[in-house]
Amino acid sequence: MARTTLTRTVLAAVSAAALFALGACSSDAGTQTGGGGETQAADDGVITLGFSQVGAESGWRAANTKSIQDTLTAENGFDLKFSDAQQKQENQIRAIRSYIAQQVDVIAFSPVVETGWDAVLQEAKDAGIPVILTDRAVDSSDETLYESFIGSDFVLEGEMAGQWAAEQYDGEGYQAVELQGTTGAAPAIDRKEGFESAIAGSDIEIIDSQTGNFTRAEGKTVMEGFLNAHDDIDLVFAHNDDMGLGAIEAIEAAGMTPGEDIKIITIDAVKDGMQALADGKINYIVECNPLLGPDLADITKKVLAGEEVEKRIVVKDEAFDQAAAKEALPTREY
């Protein structure tokens, strides 16, 4: 996989040279918070960054938010203004427009869905505020509306999951169900595409596919529906760990053994998912690295310094079977 890995040691050196005293930032779901007052970058070098997060739908998202808030601190030269969109695009657009009105130095966000962003991104561009995308991309024909995208290759993640499934189960006539992410979201679209392309040459058949909105609760509910509708499910492909963990609850409630009676493949590799893999309840996990805070800080400084940055920065992702999960868990950061 072709990827760019940003050097954390360089970031640390750059950040050390930019230390400034500033009140710490905080955040609450559904609210916008920050250091208060007007943007100060022109006067004292502090970078005011407005960040709009998708929500708090999963363990992955919690780890992603923590990475951003732990990195974009006053000690590292940032005034972070953070908002939680609670899975609603209209909340994100409202937050971005608020950041434009506040004349922040940079806007960053993880889009709830791929489409419908051109108007508000044009407003940011007209205001001279650069935009950086994290985790999820937007579907726009005008790439000048944002500076860079930092995140994983979701198609490749789906391919990795599908390739492992085909290697393990081709020839056994497996019937699979799919727990999709939020409808219209980049990871849901791309992971589905990647998985389907990877199993295309096998006899694995997807017999049902529905959205579980990346949440454990909905993953359980949808899996219950699958179990009621189908008597012959052999494999679950969940677009994230949380939905896979919800599927485990439904399978166990139905009197079956997850990982044995029904195989489970997920994406994310957060601690809860990795523990389930180590316990044999999940069979394989493809990682999606949520620790994007350092990369966002580095790219923000480069953009504001007028340096050229890559349009797409793909972070490193791994994959885990049971043995690898057991080895990785003791030092897992998320």
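Summary of the geometry: the stretch 70-141 and the stretch 257-332, compared by the centres of their Cα atoms, lie 24 Å apart.
Highest mean packing comes first when the peptides 244-250, 213-219 are listed by Cβ atoms within 10 Å, giving 244-250, 213-219.
Between beta-carbons, use under 10 Å as the cut-off and find the net charge around E114, counting Lys and Arg +1, Asp and Glu -1. Overall, the nearby charge balance is -1. Here the gap between A101 and E193, fully extended at 0.36 nm per residue and compared with their Cα-Cα distance, gives a gain of 29.3 nm.
Compared with the dominant Cα axis of the chain, that is its longest principal axis, helix 89-102 is turned about 20°. Between the beta carbons of D231 and E167, assuming R0 = 35 Å, the FRET efficiency works out to 0.85 to the nearest 0.05. Placing R0 at 35 angstrom, the Cβ-Cβ distance between T221 and K125 gives a FRET efficiency of 0.30 after rounding to 0.05. With a 1.4 Å probe rolled over the protein heavy atoms of all chains, the accessible area of S58, S197 falls in the order S197, S58, largest first. Look at the alpha carbon pairs under 8 Å that are at least 6 residues apart: their mean separation over the length of the chain gives a relative contact order of 17 percent. Compared with the dominant Cα axis of the chain, that is its longest principal axis, helix 154-169 is turned about 20°.
Phi angles across the stretch 291-300 convert, under the Karplus curve 6.51 cos²θ - 1.76 cosθ + 1.60 with θ = phi - 60°, into 3J(HN,Hα) values of 7, 9, x, x, 5, 4, 4, 5, 5, 4 Hz, Gly and Pro given as x.
Once you've got the GNM for the chain with C-alpha springs shorter than 10 Å, pick whichever of E147, E167, E114 has the biggest mean-square fluctuation. Judging by the Gaussian network model, the answer is E167. Size descriptors for the chain: radius of gyration and Dmax over Cα atoms are 20.6, 67 Å.
Protein heavy-atom accessible surface, 1.4 Å probe, per residue over the chain: 41 Å².
The residue among A200, A127, M243 whose Cα reaches farthest toward the positive pole of the charge dipole of the chain, with charges on the beta-carbon of Lys, Arg, Asp and Glu, is A127. Put D203, D105 in order of accessible area, highest first, and with a 1.4 Å probe you get D203, D105. Normalised by the number of residues in the stretch 58-156, the average gap of Cα pairs under 8 Å and 6 or more apart makes the relative contact order 20 percent. The angle between the Cα long axis of helix 59-71 and the main principal axis of the chain comes to about 20°, on a 0 to 90 degree scale. Cross-linked pairs K66/K271; K125/K301; K66/K316; K88/K271; K192/K263: Cα-Cα separations exceed 21 Å for K88/K271. Each peptide in 173-181, 310-318 receives the mean, over its residues, of other Cβ atoms within 10 Å, and ordering these scores from highest gives 173-181, 310-318.
Rounded, prolate or oblate for the stretch 149-237? Axes are the square roots of the Cα gyration tensor eigenvalues, ordered a ≥ b ≥ c, and the cut-off for rounded is a/c under 1.5. Since a/c reaches 1.5 but b/c is at least a/b, the shape of the stretch 149-237 is classed as oblate.
In a simple Cβ point-charge model (Lys, Arg +1; Asp, Glu -1; nothing else charged), the chain has a dipole of about 1100 debye relative to its Cα centre. Scanning residues 5 or more positions from K263 or on other chains, those with amide H under 5 Å from its amide H are L235, V236, with H placed 1.01 Å from N in the peptide plane.
Once both labels are positioned 7 Å from their Cα atoms along Cα-to-Cβ, the gap between T183 and T115 label points is 1.3 nm. Residues in the stretch 256-280 near a label at R332, defined as backbone nitrogen under 17 Å from the 7 Å Cα→Cβ point? Once the point is set 7 Å along Cα→Cβ of R332, 259, 264-280 turn out to lie under 17 Å by backbone N, inside the stretch 256-280. For T134, nonlocal amide neighbours, meaning residues 5 or more places apart or on other chains whose placed amide H falls under 5 Å from its own, are F109, S110, I150.
The values are calculated or read from the model by the stated rules, or taken from the named source; none is laboratory data. For clarity, every value in this text was computed on a predicted model and none was experimentally measured. A quick note on method: Cβ atoms are made from the backbone with ideal geometry, for glycine too, and the neighbour counts reach across all protein chains shown. These accessible areas exclude ligands, DNA and RNA; they are computed on the full protein's heavy atoms, side chains included. Shrake-Rupley method; radii C 1.70, N 1.55, O 1.52, S 1.80 Å.
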